[in-house]
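I have placed the structure first, in the form of structure tokens, so that the comments after it can refer back to it.
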Amino acid sequence: MLLQFSVKNFRSFKDEVKLSLEASSDKELENNLTRIGRDRVLNNAVVLGANASGKSNVFLAITAAIMTIRKSNSRQIKEELEHIVPFVFDEETAQQPTAFEFVFYAEGTKYVYGFSATRSEVVEEHLYYYKSAKASMVFERRKGEPYKFAGDKRELSPIVERNADNKLFLATATAWNCKSTRIPYLWFEEKINTYANTMDQLFGIAAPLYLKDADDSLHLFTNHLLHEADINIDDYALDAFDIAENAAVHGLPPELAHLAPQLIPKGKAVQIQTVHTIEKDDSGTAQFKLAFLDESLGTRHLFMFAPILKRAFETGETVCIDEFDSSLHPMLAVYLIRLFNDPAVNRAHAQLIISAHTMELLSPGILRRDQIYFTEKKRKTGISELYSLDEFSLRKGENVRKAYLLGRYGAVPDIPEGALL
């Protein structure tokens, strides 16, 4: 589980900002958190804010860090670190490194891992773990200084000469079977993922999962999700077809046809049809099928979310989705968030981190104050800030939704009253 993510000098975040999922001492909505040892870890976090305030940059930052780690071993000498994008509205920061740090639990152990890098090289990197109340070092590296190790020096020190200035030691050491880096590296590889809420990416991820549904459990999960969402779909059918055929006829949107080779080998792609039961005036009911493309955009998004959510509930994945509520009814967005706070559903302690515009999330009984974050960009400087509702002193019984819309917490667009084109 993710406890904290921090980033500095990335896109619109010039100064360090932190997204913390460590719960405060507040006793409200205890089902919204998981206890691990001494830590109380939140199951959800939502980022709210005006358009262009920096919400998406939070998720781009998490993505940049994860992808820099995952692609490290395949990076060629002198190849740029493509995901590093510093704050460019300042001549100094444009030349300075971007810094990321994660605090997380993996296989029962608490880790702290971070690095800073420019487009050309890694400037600093560190990995610590907790075996008591105090963190213990696994390794540290700084540009121009010898690597530092503690405990596993014999295993790790020979790997230094196999690393490169533009590669992360965490990935290099794991590739050479170092036990002390394997668990934290695999957490980045398997247990935290970011998703852009676009059909292009979602279809490429969801379709293979649907096709691997050998025990029909995903089929049951998706149907249950659709029924709970009050969507008039009774069932669905999947099949494979030759790419040479017209993809649109089989329910694959034309704009997604380029994904077909990635979905199934040997020139196959996915056919999706939904089944609807319709009442007839005099003759009972009849079933009709629709191509996936003929369903509403919101229904398609929910259909693509289903395998991602099910996998998270089984593996304990931290799921990060930008613009989560795009095309979703507010009540449906609330329902999906609440699944992560239902111990009967979320048995593996998965987490959901989202950006949204849905005001219903600020209604009482849905999220704790420490689960709600805001982004605000300063017009004069172009600098984004990230801060929690928990930083404000709320009056007892305060209507948070109303107060937010009135601008008490910032993070709302400043539109002049009566403004017209």
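In region 35-52, the qualifying residues are those that are of a type in the set (Val, Ile, Thr) and over 11 Å from LEU2 (Cα atoms), and the one that is most open to solvent (accessible area, probe 1.4 Å) is ILE36. Quick one: which residue in ASP325, ASP370 is touching a Ser or Thr at 6+ places or on another chain (Cβ under 6 Å) and farther than 20 Å from TYR195 by Cβ? When all the criteria are applied, what remains is ASP370.
The single condition from (1) closer than 29 Å to ASN57 by Cα; (2) open to solvent by 20 Å² or more (accessible area, probe 1.4 Å); (3) touching a Pro at 6+ places or on another chain (Cβ under 9 Å) that ASP213 fails is (1). Just one of the listed residues (SER384, SER355, SER326, SER388) is at pLDDT below 95, under 24 Å from the mean Cα position of the chain (by Cα) and of a type in the set (Gly, Ala, Ser), namely SER326.
Quick check on region 281-303: of everything there that is assigned to a strand (DSSP E or B) and open to solvent by 80 Å² or more (accessible area, probe 1.4 Å), which residue is nearest to LEU218 (Cα to Cα)?
Here is the first cut: in region 281-303, the ones assigned to a strand (DSSP E or B) are 284-291.
From what's left, open to solvent by 80 Å² or more (accessible area, probe 1.4 Å): 285, 287-289.
Working: THR285: 27, GLN287: 22, PHE288: 22, LYS289: 20 Å.
Checked region 281-303; the qualifying residue nearest to LEU218 (Cα to Cα) is LYS289.
Among the residues of region 155-174, those identified as in contact with a Phe, Trp or Tyr (Cβ under 9 Å, 6 or more places away or on another chain) and in contact (Cβ under 8 Å) with a residue 60 or more places away in the chain are LEU168, LEU170, ALA171. GLU92 falls short on exactly one of the conditions (1) free of Cβ contacts under 8 Å to residues at least 40 places away in the same chain; (2) within 15 Å of LEU386 (Cα to Cα), and that condition is (2). Listed by position, the helices (runs of 4 or more DSSP H) enclosed by region 117-193 that each have at least 3 residues that are open to solvent by 20 Å² or more (accessible area, probe 1.4 Å) are 153-156, 179-186.
Residue-wise test of (1) among the small types (Gly, Ala, Ser); (2) out of contact with any helix residue (DSSP H, G or I) (no Cβ under 6 Å at 6 or more places or on another chain); (3) without any contact (Cβ under 8 Å) to a residue 40 or more places away in the chain.
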| site | (1), (2), (3) |
| --- | --- |
| TYR185 | no, no, no |
| ILE192 | no, yes, no |
| TYR195 | no, yes, no |
| GLY204 | yes, no, no |
| LEU209 | no, no, no |
| SER217 | yes, yes, no |
| PHE221 | no, no, no |
| ASP230 | no, yes, yes |
| TYR236 | no, yes, no |
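Residue by residue, here is whether (1) in contact with a strand residue (DSSP E or B) (Cβ under 7 Å, 6 or more places away or on another chain); (2) aromatic (Phe, Trp, Tyr); (3) modelled with pLDDT of 95 or more; (4) open to solvent by 30 Å² or more (accessible area, probe 1.4 Å) holds:
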position: PHE13; (1), (2), (3), (4): yes, yes, yes, no
position: GLU22; (1), (2), (3), (4): yes, no, yes, yes
position: GLY54; (1), (2), (3), (4): yes, no, yes, no
position: ALA65; (1), (2), (3), (4): yes, no, yes, no
position: ILE77; (1), (2), (3), (4): no, no, no, yes
position: THR98; (1), (2), (3), (4): yes, no, yes, no
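Of all residues in region 146-165, those being β-branched (Val, Ile, Thr) and out of contact with any helix residue (DSSP H, G or I) (no Cβ under 7 Å at 6 or more places or on another chain) number 1.
The values are calculated or read from the model by the stated rules, or taken from the named source; none is laboratory data. A quick note: this is a predicted structure, and the numbers were derived from the prediction, not measured. Heads up, the Cβs are rebuilt from the backbone with ideal geometry, glycines too, and the neighbour counts pull from every protein chain shown. All accessible areas refer to the heavy atoms of the entire protein, side chains included, with ligands and DNA or RNA removed. Shrake-Rupley method; radii C 1.70, N 1.55, O 1.52, S 1.80 Å.
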